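A.B. asks: Have a look at this one.
Just so it is clear, none of the values below were taken in a lab; they were calculated from the coordinates. Treat the numbers as computed from the prediction; the structure is a model and nothing was measured. We place every Cβ from the backbone using ideal geometry, glycine too, and count neighbours over all the protein chains shown.
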Amino acid sequence: CMIDYQVPANLLQGRILLVTGAGDGIGRAAALTFARHGATVILLGRTIAKLEKVYDEIESAGGPQPAIFPLNFEGATLKDYHDMAETLEKEFGRLDGILHNAGLLGRITPFEQYNPALWEQVMQVNINGPIWMTQALLPLLKASEDASLVFTSSSVGRRGRAYWGAYAVSKFATEGVMEVLADELDHLGNVRANSLNPGATRTQMRKQAYPGELPESLRTPEEIMPTYLWLMGPDSKGHNGEQFDAQPPKG
Ligand code: NDP
C-alpha cells in the first residue's frame with residue numbers, strides 16, 4: 001500500500017520518537033525530518049560521531065533538543081535494553097514511536113556459501129536486537145496516548161530472492177514480529193505496529209548491494225519521507241498490522 005500525503009508542518013509536535021540507525025542514510029533523514037516537524041528525537045546508533053552531527057543539525061535548525069543514545073545491536077545485552085528503558089522513563093516518561101531502521105546487509109551470496117557467523121550477525125542487528133529492545137520499551141509505548149511502531153522491511157522481506165540470504169530472512173522475521181505485535185496490541189487502541197519498505201534509496205547500503213548502479217537514478221532518503229511522517233503521526237491512527245511502501249516499485 002502506498003500513501004500520497006501532504007504533510008502538515010507541525011505534524012509531530014510534542015511527540016517523543018526513537019530512531020535507530022539515526023546517523024546515516026534513511027535513519028538520518030528520518031531523524032532530521034521528524035525533528036523539523038516538531039518531534040523530540042532520540043538518536044540511536046553505533047557511531048557516536050555521526051549521531052553528534054545529526055544532533056548539531058537539529059539544534060542549528062531550531063528543532064526540539066534531541067537526545068543521543070549510543071547502542072550497537074551486535075553487542076547489546078538485555079541489561080542494556082532495560083537500562084535504556086529506565087533512562088528514557090526518567091527522561092521522558094513515555095515513547096510515542098520507534099522507527100526500527102538500523103540494518104546490516106551482510107553479503108549477497110549463494111545460500112550454500114553463506115558464512116554462518118555473518119548470518120548470525122545480520123540476524124542479531126536486523127531482528128534479534130530490535131526484538132529485545134522493543135520488549136523492554138513496550139511499557140513506555142503503552143504509556144503514550146498514540147504510539148506508532150514502524151518496522152523497516154524490504155521487497156526481499158515480502159518475497160524471497162536468490163542470494164539475499166540472512167538479510168531477506170531477517171526482513172521476513174521483521175514482518176513477522178510486526179504482525180504478532182500488531183495483533184497483540186490491537187485491543188489497546190493506543191499502540192500500533194506496521195511495516196514499511198523504503199524501496200530503492202540512495203544510501204551506502206544500496207551502493208553495497210548494487211555497486212554498478214548510478215546513484216542519481218535513485219530517490220534520496222529525503223524524497224521518501226512523506227510515508228515515514230504519515231506512519232509516525234496521528235493520521236495513520238487505526239492502521240495496525242499493515243505493510244506499506246514508501247515509493248512505487250522500480251520498473
Ligand atoms: P545505511 O547503511 O545507509 O544505514 C544503516 C544505519 O544502521 C546506519 O546508521 C548504521 O550505523 C546503522 N547500523 C548498522 N549496524 C548497526 C548496529 N550494529 N547497531 C546500531 N546501528 C547499526 O542503510 P539505509 O539507510 O539504506 O537502510 C536503512 C533501512 O532501510 C535498513 O533497515 C535497510 O535494510 C532498509 N532498506 C533500505 C533500502 C535502500 O535501498 N537503501 C531498501 C530496502 C530496505 P553506522 O552509520 O554507524 O554504520
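A.B. asks: May I ask for the Kirkwood hydrodynamic radius of region 1-120, worked out over all distinct Cα pairs and given in angstroms to one decimal?
C.D. replies: Computed over region 1-120, the radius equals 15.7 Å.
A.B. asks: Let me ask another. Relative to a virtual label point 7 Å from the Cα of Ala117 in the Cα→beta-carbon direction, which members of region 59-86 show backbone nitrogen distances below 19 Å?
C.D. replies: Label zone hits: 73-76.
A.B. asks: Note the angle between two axes, namely the Cα long axis of helix 25-36 and the longest principal axis of the Cα atoms of the chain, as a number of degrees from 0 to 90, rounded to the nearest 10.
C.D. replies: 20
A.B. asks: Can I ask one more? What are the residues whose amide H is under 5 Å from the amide H of Arg219, where those residues sit 5 or more places off or on another chain and H is modelled from the backbone?
C.D. replies: So Arg219 has HN proximity to Arg202.
A.B. asks: Contact order normalised by length for the chain, with contacts defined as Cα pairs under 8 Å and 6 or more residues apart; what percent is it?
C.D. replies: After rounding, I find 22 percent.
A.B. asks: Once phi is turned into θ = phi - 60°, what whole-Hz ³J(HN,Hα) does the Karplus curve with 6.51, -1.76 and 1.60 give for every residue of region 170-187, x standing for Gly and Pro?
C.D. replies: Result, rounded to whole Hz: 5, 6, 4, 5, 4, 4, x, 4, 4, 5, 4, 5, 4, 5, 5, 8, 3, 5.
A.B. asks: What base-10 log of the normalised intensity I(q)/I(0) is obtained for region 41-94 from the Debye formula, alpha carbons as equal point scatterers, at q = 0.23 Å⁻¹?
C.D. replies: Once normalised to I(0) and log-transformed, intensities are -0.93.
A.B. asks: A further question follows. By how many nm would the segment from Gln204 to Thr87 lengthen if fully extended, with 0.36 nm per residue of separation less the alpha-carbon distance?
C.D. replies: Stretched out fully, the Gln204 to Thr87 stretch lengthens by 39.0 nm.
A.B. asks: Let me ask another. On C-alpha positions alone, give me the angle between the axis of helix 48-60 and the longest principal axis of the chain, in degrees, nearest 10.
C.D. replies: Approximately 40 degrees, to the nearest ten.
A.B. asks: Name the lysines eligible as straight-distance cross-link partners of Lys207: C-alpha to C-alpha under 23 Å, and not fewer than 8 places from it in the same chain.
C.D. replies: Within the straight-line cut-off, Lys207 pairs with Lys50, Lys53, Lys171, Lys250.
A.B. asks: Another question, if that's okay. Percent of Cα-Cα pairs per 5 Å bin, from 0 to the last occupied bin, for region 1-54, please list those.
C.D. replies: Bin by bin from 0 Å, the calculated values are 5, 22, 27, 20, 16, 7, 3, 0.
A.B. asks: When a footprinting reagent is the concern and you count Cβ atoms within 10 Å, what order do His187, His100, His37, His239 take, fewest first?
C.D. replies: With the fewest neighbours first, His187, His100, His37, His239 line up as His187, His239, His37, His100.
A.B. asks: Based on the alpha-carbon set only, what is the convex hull volume of region 63-199 divided per residue, in Å³?
C.D. replies: 118
A.B. asks: What is the pair-distance distribution P(r) of the chain, computed from all Cα-Cα distances in 5 Å bins starting at 0, with each bin given as a whole percent?
C.D. replies: 1, 6, 14, 19, 21, 18, 12, 6, 2, 0, 0
A.B. asks: Right, here's the next one. Only loop residues by DSSP count here, and only those with at most 15 other Cβ atoms within 10 Å; note down the chymotrypsin sites (Phe, Trp or Tyr not before Pro) in region 118-221 that meet that.
C.D. replies: Qualifying residues, ordered by number: Tyr163.
A.B. asks: Pick from Arg94, Arg206, Arg15 the residue whose mean-square fluctuation is largest in a GNM of the chain, springs joining Cα atoms under 10 Å.
C.D. replies: It is Arg206.
A.B. asks: Ok, one more. Which whole-angstrom value gives the distance between the alpha carbon centres of region 26-66 and region 132-153?
C.D. replies: 19
A.B. asks: Show me the ranking of peptides 211-219, 72-80 by mean Cβ neighbours inside 10 Å, starting with the highest.
C.D. replies: Highest-to-lowest ranking by the protection proxy: 72-80, 211-219.
A.B. asks: Using the 10 angstrom Cβ neighbour count as an exposure proxy, how do Val180, Val156, Val19 rank, fewest first?
C.D. replies: By the 10 Å Cβ count, ascending: Val180, Val156, Val19.
A.B. asks: A further question on this structure: Where does helix 129-142 land angle-wise versus the long Cα axis of the chain, in degrees 0 to 90, nearest 10?
C.D. replies: It is inclined by approximately 20 degrees.
A.B. asks: Ok, one more. Just the Kirkwood number for region 176-251, please: inverse of mean 1/r across all distinct Cα pairs, in Å, one decimal.
C.D. replies: 14.0
A.B. asks: Now for a separate question. Would you calculate the separation in nanometres between label points at Asp183 and Glu222, each defined as 7 Å from the Cα along the Cα-to-beta-carbon direction?
C.D. replies: So the two model labels end up 4.2 nm from each other.
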